[in-house]
Amino acid sequence: MVTRGQRNAIIAASIAFTLVVVAAVGTTAFFLIRKQHRQDDVAEAARVATVYNKKVSAYRSAVHTALTSADADDARKVRAAFKAAVVKTPKLGDAPEWGKTHSKTYIKAKKSVKTLTKPYDDVSAVLDEAVVGQPFIKAALKALKTDIDDYVGKGKYFYNGSAFRDKLVPGYTKIMKKFDKVPVPKGRESVARKVHAALADVIKDGKHAAAELDAGRNTSINARAKYVEAATAVYAYERSLKSRLASAIEGADRDVSGSTGSST
């Protein structure tokens, strides 16, 4: 026969067992719920990152269009379009803390934020140079293409040096002074000096020719050597500038390709 004490002990043991079972079930449920919440957090972070990646793709496309739609020979216009597009960087949205630290897509997207505009550094630098370089090249070629005959006439017989003294020398002096006021791209000072030297040579020879003709002696002006040297330098710089700008644009496209991902 079970005594009252034994019965109370059995009841107490049953209650204790029930409490243990309930506690175990409760703990399991807690961990299951927490696991589900964490999975949801990771999924939400991945969704936010995916939205960001799509915005990045649209951003890259807009920058590329800005760089390629305008005439490459008008660097000022290209740079204006480029700068207007490149500053419109997309923003990575916020997400649950657990998701931000455990979603591979979000982590990768967060890292890309810091380097989003880096592929365009070279393009920006070359465009800055081209904004100065293109007008410089245009001015240099215009100065070098000026013909001596435009001032003294072609095939004329000169009885004195007035045409050289009063027209050629002042004309070329004006051209040289105008060219000297044109901003020179950094590192291209030697090109500017060669153009200046070619123009100065014509002025010097013009003064000499005027004096010789006034003295009744035959004379001639031959600045071909320095003109060829100057023109060669200008054309070489023009080719270099175009090539480097094209390479910078291609390099930027290459660097940004395949930069997004879709894993969680």
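The residue list Ala210, Ala215, Ala198, Ala192 contains one member that is of a type outside the set (Val, Ile, Thr), surrounded by 18 or more Cβ atoms within 10 Å (Cβ to Cβ) and at pLDDT below 95, which is Ala210. Here Pro90, Pro135 are screened, and the one residue that is more than 16 Å from Ala248 (Cα to Cα), of a type outside the set (A, V, I, L, M, F, W, C) and touching a Phe, Trp or Tyr at 6+ places or on another chain (Cβ under 7 Å) is Pro90. The set of residues in region 134-164 being at pLDDT below 95, of a type outside the set (Phe, Trp, Tyr) and in a helix (DSSP H, G or I) consists of Asp149, Asp150, Val152, Ser162, Ala163.
On the stretch given as region 77-95, residues that are surrounded by 15 or more Cβ atoms within 10 Å (Cβ to Cβ) and among the β-branched types (Val, Ile, Thr) total 2. If I filter region 200-219 down to residues being in a helix (DSSP H, G or I) and of a type in the set (Gly, Ala, Ser), which single residue comes out as farthest from Val152 (Cα to Cα)? The residue in question is Ala200.
Is at least one residue of region 170-184 more than 15 Å from Val234 (Cα to Cα), among the polar types (S, T, N, Q) and out of contact with any Gly (no Cβ under 8 Å at 6 or more places or on another chain)? So far as region 170-184 goes, yes, one or more of its residues are more than 15 Å from Val234 (Cα to Cα), among the polar types (S, T, N, Q) and out of contact with any Gly (no Cβ under 8 Å at 6 or more places or on another chain). The set of residues in region 78-121 that are closer than 16 Å to Ala62 by Cβ and assigned to a helix (DSSP H, G or I) comprises Val78, Arg79, Ala80, Ala81, Phe82, Lys83, Ala84, Ala85, Val86, Pro119, Tyr120.
Every condition in (1) surrounded by fewer than 21 Cβ atoms within 10 Å (Cβ to Cβ); (2) more than 30 Å from Lys54 (Cα to Cα) holds for Ala130 except the one numbered (1).
The values are calculated or read from the model by the stated rules, or taken from the named source; none is laboratory data. In this text the structure is predicted, and so the values were computed from the model without any measurement. All Cβ positions, glycine included, derive from the backbone under ideal geometry; neighbour counts span all protein chains shown.
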